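Okay, structure first, notes after.
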Protein chains: 2
Amino acid sequence: MAQKPSIPKGTRDFSPLEMSRRNYIFGTIRNVFSLYGFRQIETPAMENLSTLMGKYGEEGDKLLFKILNSGDYLRGIDRNLIESNDTARLASQLCEKGLRYDLTVPFARYVVQHRNEITFPFKRYQIQPVWRADRPQKGRYREFYQCDADVVGSDSLLNEVELLSMIDEVFRRLKIRIAIKLNNRKILAGIAELIGAPEKIVDITVAIDKIDKIGIENVNAELIERGLSEESVGALRPILEIDGTIEERVNSLEKLLEKSEVGSNGVRELRTVVNGIMETGLDARLDIDVSLARGLNYYTGTIIEVKALDVEIGSITGGGRYDNLTGVFGLPGVSGVGISFGADRIYDVLNTLNLYPEGIEHCVQVMFTNFGEKEAACALRIIKKMRDCGIQCEIYPDTAKMQKQMKYADSLGTPYVAIIGETEMSQNRITLKNMSTGEQQMLTEEEAIAIINPATSI
Amino acid sequence: MAQKPSIPKGTRDFSPLEMSRRNYIFGTIRNVFSLYGFRQIETPAMENLSTLMGKYGEEGDKLLFKILNSGDYLRGIDRNLIESNDTARLASQLCEKGLRYDLTVPFARYVVQHRNEITFPFKRYQIQPVWRADRPQKGRYREFYQCDADVVGSDSLLNEVELLSMIDEVFRRLKIRIAIKLNNRKILAGIAELIGAPEKIVDITVAIDKIDKIGIENVNAELIERGLSEESVGALRPILEIDGTIEERVNSLEKLLEKSEVGSNGVRELRTVVNGIMETGLDARLDIDVSLARGLNYYTGTIIEVKALDVEIGSITGGGRYDNLTGVFGLPGVSGVGISFGADRIYDVLNTLNLYPEGIEHCVQVMFTNFGEKEAACALRIIKKMRDCGIQCEIYPDTAKMQKQMKYADSLGTPYVAIIGETEMSQNRITLKNMSTGEQQMLTEEEAIAIINPATSI
């Protein structure tokens, strides 16, 4: 019996319409990356499990898709692991390879493996799918694309400035209004130091990260629950209540953190980045947000997060600076800073707001009818000329009824249909029908080409 | 201890240089696909194993990369399969998903699953990687790209004509000289019928497929070994020895096969396709090759194969017509015809012949030097203007020695370096250095922009 076909949960097919929309997003991001001098690399979908394991925490290890070894994969397996149902350790024997979980770890591996071929500072971008065995839900998939740009081998804060400018440019082109939130890990460390609990930096940041959701009183309650003193919590309040313009906020932070060396360094870095980006201006709204903590264990300096202003959705881009990208692969001291565009969420935002420019969905500009062998031969000759002018065109492959052929063109959104029948052939003309107005004219090839307008030149 | 990083055998990293070359190939193919009215889809990397198994023969099943189930994958496993080392059946219990092996089976699955949304005839293209657990060797990888274009839901031979024209156009643009070999499965059936051994069609085609390699005498010997009579082998000889122009060959075939109905149909189809493609002309050499049999069990009409004329390598593109693409998924009667470009072999051919056009490797057109905070701020303002003109540019992120900055630009092949020092700032000028001639001029921003030439307009 025939199988009813389906795809694994959390994965998606993309139709031609969806592909043109996605290509518009990827193309926009790619163009901006190039404009800023980032260069593309690609890494294999499969990495050695030894490359991936232990890089994403215990939970991450479980979310890796592992690939069963080929051939006699049971040879040499420790049968006790089967008896004891130790699936985690057994998996490491059954599988040598896994699907990449993000683009950062493969990039770190790439940098170490190819360090002798790379010119540093290395500005790379990478647009590829990643796979996670997460529970699928709205907006969360098991296969999704990441679009990463990183600079490694440079400590300069100019890199942060360029990355922020790139974020601004991408969303300006996509017409998505955004807020860019900025923070610095050193400011978080300074805060923890200031309130007398430097060892509680994780607890503190996890708690204050929720301030938007639960409010300051609940955050304070949580901090006391986590063992902070009333005094510490009291000292935290003015920092969390900072407001005013960007410059006022930076000035306030500077004052509040002046007794912490690390905190002051963080404020200085923040100021340099803010000044740099102000130099050339920004379309996006820029916020300083000391509660921003994403990936705390990973970032060591600047922290960046982007939210769409007009759609309720999580962050659509994020990034930051990390001081030791490649240490785990044996190459210490490689500092870097990077951003990652969440293509699938950006896609959701564009769909919600219907922000696609006109015309990206059209594939073919003109379809030629097919009323028989002679007519088709005549059409093919004209089609060749049009294609040489860069006009995307096709001929209806079968000799079908006019209505059926028109319906085909219409359902694909083809703007013009070129009709070639006996009359047209005898007069060396084609009848060009404008599918949106219904208007039709009998024209020479040259006149038709002029009307259709080449989208691309040859 | 740090791990020495590596990637799984048979997989590859692609450097920025390699990526620009590969993007040139994919871009060329994609543009031609669009020009001919094909529309892109994408399917997930992972398919249900039930979709993939049994579609590529027993050998193919072994070459599928299977993905270990997440969570408690041992639950419900038949432990006897472990005892008896029945790795094949056990794998089906340990794994529900596999990586796609080609683009054809996922496409068939797509057509059936989305048949109510699709406008037929459906002209789709798909450019995605596929994975095979093959033994890696020169030119054979475990992860490689396929670029497929298919038309389903149309019996018209115009589709063959369009696909052949598309092949010609792709290789014309890539400047690779090719021969396109044509055959028809019905001609092969006619030959088998004619020599009195219709049931031996597979043996016959397998044997005559080797004629180029081992010569006609050895082919005949093999056929006799496979149980054909001397008489049959004698009747085969004139067919294998057909020569002359394309038209002469078709005429000879018509005569030789006139007693076989299926053979005559095959010749008629071949003639229609040849006449159609001759109508608009072809840059490629066109050959009729009755020994061409690729994927015999799959193709039911036209068979297409492309070889590079100037490099010894296997076929770089292939395709043909199949009558029942989707039957296995419960939708009978969907005829189609398609071609597949072997991107990785095409890449090898272009590398061997060094056929890349100039300029595809440059990312950045101008690098700005960085001699300090003020100079960098000034550079950023000019960079913004240049980027608004579509000029790809970057600033050296660190305040380093001139020589180091120049070396960076040079090693990336950057054509221009813009130097901004105190003199330039005081005169509101930039010094533009042409990296290939060494020449440098002090210029206004506008003059510099005019020299660098925008690659893209905004």
Counting only residues that are closer than 30 Å to residue A:15 by Cα and within 14 Å of chain B (Cβ to nearest Cβ), segment A:406-429 contains a total of 13
Select, from B:164, B:182, the only residue that is in a helix (DSSP H, G or I), at pLDDT 95 or above and surrounded by 17 or more Cβ atoms within 10 Å (Cβ to Cβ). B:164
Answer residue from segment B:98-131, given it is out of contact with any strand residue (DSSP E or B) (no Cβ under 8 Å at 6 or more places or on another chain) and more than 9 Å from every other protein chain (Cβ to nearest Cβ) and is farthest from residue A:73 (Cα to Cα) among those: B:116
With the condition kept exactly as written, say whether any residue in segment B:193-203 is hydrophobic (A, V, I, L, M, F, W, C), open to solvent by less than 30 Å² (accessible area, probe 1.4 Å) and in a helix (DSSP H, G or I). yes
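Results for (1) closer than 23 Å to residue B:203 by Cβ; (2) not basic (Lys, Arg), shown as yes or no for each residue.
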residue	(1), (2)
B:294	yes, no
B:313	no, yes
B:318	yes, yes
B:326	no, yes
B:331	no, yes
B:334	no, yes
Whichever residue in segment B:44-62 is in a helix (DSSP H, G or I) and more than 8 Å from every other protein chain (Cβ to nearest Cβ) and, among such residues, is most open to solvent (accessible area, probe 1.4 Å): B:58
State the number of residues belonging to segment B:311-338 that are over 26 Å from residue B:39 (Cβ atoms) and in contact with a helix residue (DSSP H, G or I) (Cβ under 6 Å, 6 or more places away or on another chain). 2
Subset of segment B:83-126 that is open to solvent by 10 Å² or more (accessible area, probe 1.4 Å) and aliphatic (A, V, I, L, M) - its residue that is nearest to residue B:321 (Cα to Cα): B:105
Return the residues of segment B:333-369 that are closer than 19 Å to residue B:106 by Cβ and either surrounded by fewer than 17 Cβ atoms within 10 Å (Cβ to Cβ) or over 18 Å from the mean Cα position of the chain (by Cα) (or both); say none if nothing qualifies. B:334, B:335, B:336
Enumeration of residues in segment A:131-145 that are in a strand (DSSP E or B) and either basic (Lys, Arg) or surrounded by 19 or more Cβ atoms within 10 Å (Cβ to Cβ) (or both): A:131, A:140, A:143, A:144, A:145
Consider residue A:173 against the criteria (1) more than 14 Å from every other protein chain (Cβ to nearest Cβ); (2) among the charged types (D, E, K, R); (3) farther than 19 Å from residue A:276 by Cα: it satisfies all of them except one. Which criterion is unmet? (1)
Filter result for residue A:28 (open to solvent by less than 40 Å² (accessible area, probe 1.4 Å) and within 30 Å of residue B:388 (Cα to Cα)): yes
Of the conditions (1) more than 30 Å from residue B:6 (Cα to Cα); (2) open to solvent by 30 Å² or more (accessible area, probe 1.4 Å); (3) within 12 Å of another protein chain (Cβ to nearest Cβ), the single one that residue A:328 does not satisfy is (1)
In segment A:1-43, the residues that are within 14 Å of residue A:128 (Cβ to Cβ) and more than 7 Å from chain B (Cβ to nearest Cβ): A:22, A:26, A:29, A:30, A:33
Residues of segment B:1-23 being in a helix (DSSP H, G or I), open to solvent by 40 Å² or more (accessible area, probe 1.4 Å) and not aliphatic (A, V, I, L, M), which ones? B:18, B:21, B:23
All conditions in (1) open to solvent by 10 Å² or more (accessible area, probe 1.4 Å); (2) more than 31 Å from the chain's Cα centre (by Cα) are true of residue A:223 except (1)
Subset of segment B:370-384 that is surrounded by fewer than 15 Cβ atoms within 10 Å (Cβ to Cβ) and not in a loop (DSSP other than H, G, I, E, B) - its residue that is nearest to the other protein chains (Cβ to nearest Cβ): B:381
Filter segment B:146-159 for residues that are facing another protein chain (nearest Cβ under 10 Å) and either more than 20 Å from residue B:115 (Cα to Cα) or not in a strand (DSSP E or B) (or both) and give the result. B:153, B:154, B:155, B:156, B:157, B:158, B:159
Starting from residues that are part of a helix (DSSP H, G or I) and in contact (Cβ under 8 Å) with a residue 12 or more places away in the chain, keep the ones in segment B:385-405 and report whichever is farthest from the other protein chains (Cβ to nearest Cβ). B:402
Considering only residues that are among the β-branched types (Val, Ile, Thr) and within 14 Å of chain A (Cβ to nearest Cβ), look in segment B:263-311 and name the one that is farthest from residue B:348 (Cα to Cα). B:272
Residues in segment B:64-97 that are within 8 Å of chain A (Cβ to nearest Cβ), assigned to a helix (DSSP H, G or I) and in contact with a Lys or Arg (Cβ under 7 Å, 6 or more places away or on another chain): how many? 1
Of all the residues that make up segment A:115-146, how many are among the charged types (D, E, K, R), touching a Leu at 6+ places or on another chain (Cβ under 9 Å) and within 30 Å of residue B:399 (Cβ to Cβ)? 1
Within segment A:327-369, the count of residues that are in a loop (DSSP other than H, G, I, E, B) and not aromatic (Phe, Trp, Tyr) comes to 18
Segment A:240-257 residues that are small (Gly, Ala, Ser), paired with ones that are surrounded by 12 or more Cβ atoms within 10 Å (Cβ to Cβ) (beta carbon under 6 Å, 6 or more apart): A:252/A:242
Residue under evaluation residue A:158, criteria (1) surrounded by fewer than 23 Cβ atoms within 10 Å (Cβ to Cβ); (2) of a type in the set (A, V, I, L, M, F, W, C); (3) in contact with a Pro (Cβ under 7 Å, 6 or more places away or on another chain), criterion not met: (1)
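The values are calculated or read from the model by the stated rules, or taken from the named source; none is laboratory data. Remember, predicted model here, so these are calculated numbers, not experimental data. Glycine gets a Cβ as well: all are built from the backbone with ideal geometry, and neighbour counts include every protein chain shown. The protein model used for the area step is the full one, side chains on, heavy atoms only, and it has no ligands, DNA or RNA in it. Shrake-Rupley method; radii C 1.70, N 1.55, O 1.52, S 1.80 Å.
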